[in-house]
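This report refers to the structure that appears directly beneath it.
The values are calculated or read from the model by the stated rules, or taken from the named source; none is laboratory data. On a predicted model such as this, the values are computed, not experimentally measured, just so you know. When we count neighbours, we look across all protein chains shown, and the Cβ atoms used for this are built from the backbone with ideal geometry, even at glycine. Ligands, DNA and RNA are stripped out before the accessible areas are found, and what is left, the full protein with its side chains, is counted by its heavy atoms. Shrake-Rupley method; radii C 1.70, N 1.55, O 1.52, S 1.80 Å.
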Amino acid sequence: LHVPLVMEGPGPFRGGRVIRGSVGLIDLLPTFLDHAGMEPLDGIEGTSFLGLLTEDGPGSPVFSEELLTPHKTAGRGNALIQSVRSGSWKFILTYDLQGGRVLEQAYDLVADPLEQHDLAEGLGRLPAMPFDEAFCDAVESVRDRIWGAVDRTTWMVGNGYTAGVARVTGDRPPRACRPDSRKP
């Protein structure tokens, strides 16, 4: 999730600068369209980061997903991991596909850049946090993907690695945010 993106080209892509805000590959097409003076396309995700090339800003949260299968983990894992990262925060949701359990973790990347202190404190559920609104919405989007899949577990059962998938156990946690006391 923290992979360098190197771009070269005319105008704002020239000059060798580092953008501190978070961006993802999903933001490339909107950025190129913005640079060409074109309107964003309907139905695509991502946002232009053209403004970050000229002035600092937080960027937008970046999503990631990985399916751990017994094949990939030599029989030790069968889970769906979804995460979201910004310059300030990281949230990880692990859905155990066999047991239906959900484990949440979060890290304050400003105070804890090495991710040594889980803000969920090992409880598996995140307490209300001072996330900025964009990051809070991203956390809720990740949660929606898991709890929204409760009635659609057949898409997970379809491949040979996840036969016998359990439904998500437990209730969906309340919104993970409280007003942000720290500005990004």
Calculate, in nm to one decimal, what TRP147 and ILE26 gain on full extension: separation in residues at 0.36 nm each, minus their alpha carbon distance.
-> 41.2 nm
Within the range 20-91, report the GluC sites (Glu not before Pro) that DSSP leaves as loop and that have at most 12 other Cβ atoms within 10 Å.
-> GLU45, GLU55
Karplus couplings for the range 43-50 from phi (6.51 cos²θ - 1.76 cosθ + 1.60, θ = phi - 60°), rounded to Hz, Gly and Pro as x?
-> x, 9, 8, x, 9, 5, 10, 4
Multiply the residue separation of SER64 and VAL6 by 0.36 nm, subtract the distance between their alpha-carbon atoms, and state the gained length in nm to one decimal.
-> 18.9 nm
For the range 71-147, which trypsin sites (Lys or Arg not before Pro) are both in a DSSP coil and crowded by at most 12 other Cβ atoms within 10 Å?
-> ARG76
Projected onto the charge dipole of the range 8-103 (unit charges on the beta-carbon of Lys, Arg, Asp and Glu, signs +1, +1, -1, -1), the Cα from LEU33, LEU53, GLY11 with the largest positive-side position is that of LEU53
At 1.4 Å probe size, with every protein chain present, just tell me what the per residue accessible area of the range 40-122 comes to in Å².
-> 53 Å²
Overall Cα dimensions of the range 1-147, principal axis frame, Å, largest first | 51, 33, 28
Please state, as a whole number in µm²/s, the translational diffusion coefficient that the Stokes-Einstein equation yields for the range 71-145 at 10 °C and 1.306 mPa s, with Rh defined as the Kirkwood radius across alpha carbon pairs.
-> 121 µm²/s
